[in-house]
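Report on one structure; see the data block that follows.
None of the figures in this text is laboratory data; all of them are computed from the coordinates on show. Because the structure is predicted, anything quoted here is derived from the model rather than measured. No Cβ is skipped: glycine too gets one built from the backbone with ideal geometry, and neighbour counts run over all protein chains shown.
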Amino acid sequence: MVDLVLALELAGSALGALGAALVFFEFFQLPSYVEYSEEYNDYSVDISPMEVTEHTWIGRIGAFLLIVAFTIQFVAALLA
């Protein structure tokens, strides 16, 4: 039983680390409504509500992995 608990804790930690890395990477994505002009060395914001995407699949998958990791850690704590 201890091996199962340890395996669950390690799996939860690994998934949490991967999910956190993906969410961290998401923070550095340039939103679709922000454009950078190298000619003027300037950013412009063009917001059209129908075309705005703030989050990519990387962030969504990372958040899902974090949820799964916390669930696995909770189950491991209950089994310990």
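Here are some notes:
- Dipole axis of the chain (+1 Lys, Arg; -1 Asp, Glu on Cβ), positive-most option in VAL45, ALA80, GLY12: ALA80
- When only Cα pairs below 8 angstrom with a gap of at least 6 residues are kept, the chain shows a relative contact order of 49 percent.
- Read-out P(r) over Cα pairs in 5 Å bins from 0, in percent, derived from the coordinates shown; its label in (i) 3, 16, 30, 26, 15, 9, 2; (ii) 3, 15, 16, 14, 12, 10, 8, 7, 5, 5, 3, 1, 0; (iii) 3, 11, 12, 18, 23, 18, 10, 4, 1, 0: (ii)
- When +1 charges are put on Lys and Arg Cβ atoms and -1 charges on Asp and Glu Cβ atoms, the dipole computed for the chain relative to its Cα centre reaches about 600 debye.
- Given R0 = 22 Å, the distance between the Cβ atoms of GLU51 and THR71 translates into a calculated FRET efficiency of 0.05.
- In this calculation the C-beta distance from ILE61 to LEU10 is compared with R0 = 22 Å, giving a FRET efficiency of 0.60.
- Extension gain, PHE27-TYR43: 0.36 nm per intervening residue step, less the Cα-Cα distance, totals 4.0 nm.
- Angle in degrees between helix 57-79 and the longest Cα principal axis of the chain, rounded to the nearest 10: 20
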